[in-house]
Amino acid sequence: MSFTKIYLHCVFATKNREKILKSENDIRIQNYIKSIFEDSSRDCHVLAINNVQDHIHILFSLNPKYSISKLIQEVKGLSSKFINDNHLCDKKFSRWKWYWCFSYAESQIDTVKKYIKNQKEHHKQYDFEKEYKDILDKFHVNYDEKYLFD
């Protein structure tokens, strides 16, 4: 028998980081995204989820039978369709093609949960671009700023 615990913090944004997610729809969108992760075919578990107008954070445990890229592609596609089908934005909703996803140790989970929970307060001081660069720097990801937000 095999045992795994893979904790991932994933963020994806709206196309062009447009601030189009309305706060009155946050819970509905978050619950739908959570249901995608936790569907029996994917069998992942969401530990924290929160969004602001232009991006969403999700902390989840990954089912090792699922690839990260396939899972996120499905979540982004299904949630975009849900948002559009239910007219949860004033215009056609689409996601930015990129996402970031980083792993954490179990000892870090409570800190990441608090960080995700406090997104609305956090973004009163920091915009998405600064947050994105800070996370990439924290995880020592090399990037060319010229291509960072294309």
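The values are calculated or read from the model by the stated rules, or taken from the named source; none is laboratory data. Not measured: the values here are computed from a predicted model. Note that we place each Cβ from the backbone using ideal geometry, even for glycine, and neighbour counts take in every protein chain shown. The area values use the complete protein model at the heavy-atom level, side chains included, leaving out ligands, DNA and RNA. Shrake-Rupley method; radii C 1.70, N 1.55, O 1.52, S 1.80 Å.
Tell me, what is the percent relative contact order of the chain, built from C-alpha pairs under 8 Å that lie six or more residues apart? Walk me through the numbers on the way to the answer.
Details: 189 pairs, mean separation 49.0, N = 150.
Relative contact order here is 33 percent.
Using a probe radius of 1.4 Å on heavy atoms only, what accessible surface per residue do you get for the chain? Whole Å² is fine.
On the way: 8860 Å² over 150 residues.
Per residue, the chain has an accessible area of 59 Å².
Arg28 to Tyr147: extension gain in nm, 0.36 nm per residue of separation minus the Cα-Cα distance?
The Arg28-Tyr147 span can extend by a further 39.6 nm.
Could you check the spin-label model distance between Thr4 and Asn118? Points 7 Å from the Cα along Cα→Cβ, value in nm.
Calculated label separation equals 3.2 nm.
Could you size up the charge dipole of the chain around its Cα centre, putting +1 on the beta carbon of Lys and Arg and -1 on that of Asp and Glu, and report it in debye to the nearest 20?
Dipole about the Cα centre, nearest 20: 220 debye.
So what is Rg over Rh here for the range 101-150, counting just Cα atoms and using Kirkwood for Rh?
1.01
Could you tell me, in Å, what Rg and Dmax come out for the Cα atoms of the range 24-78?
For the range 24-78, the Cα radius of gyration and maximum Cα-Cα distance read 10.9, 35 Å.
Hey, could you pull the Cα Rg and Dmax for the range 46-123, both in Å?
Cα radius of gyration and Dmax of the range 46-123 are 13.8, 41 Å respectively.
Using only DSSP helix segments of four residues or longer, with each worth -39500 (n - 2.57), what per-residue ellipticity at 222 nm results for the chain after dividing by its residue count and rounding to 500?
On the way: 5 runs with 55 residues, N = 150.
Computed ellipticity for the chain at 222 nm equals -11000 deg cm²/dmol.
Which of the lysines could be linked to Lys91 by a straight reach, that is with a Cα gap under 16 Å, when you skip same-chain ones fewer than 8 residues away?
Qualifying lysines at Cα under 16 Å: Lys15, Lys19, Lys22, Lys81.
Have a look at Ser69, Thr111, Ile83 and report the one farthest towards the positive end of the charge dipole of the chain, computed about the Cα centre with Cβ charges (Lys/Arg +1, Asp/Glu -1).
Toward the positive end, the furthest listed residue is Ile83.
Run through every distinct alpha carbon pair of the chain and return the Kirkwood hydrodynamic radius in angstroms, one decimal place. Walk me through the intermediate numbers first.
Details: mean 1/r = 0.0626 Å⁻¹.
Value: 16.0 Å, from the Cα pair sum.
When the chain is modelled as a GNM with alpha-carbon springs shorter than 10 Å, which of Ile68, Ile20, Ile135 fluctuates the most?
Its mean-square fluctuation being the largest, the pick is Ile135.
Starting from the Cα-Cα distance between Asp85 and Ile135, subtract it from 0.36 nm times their residue separation and give me the gain in nm to one decimal.
Extending this stretch completely gives an extra 14.8 nm.
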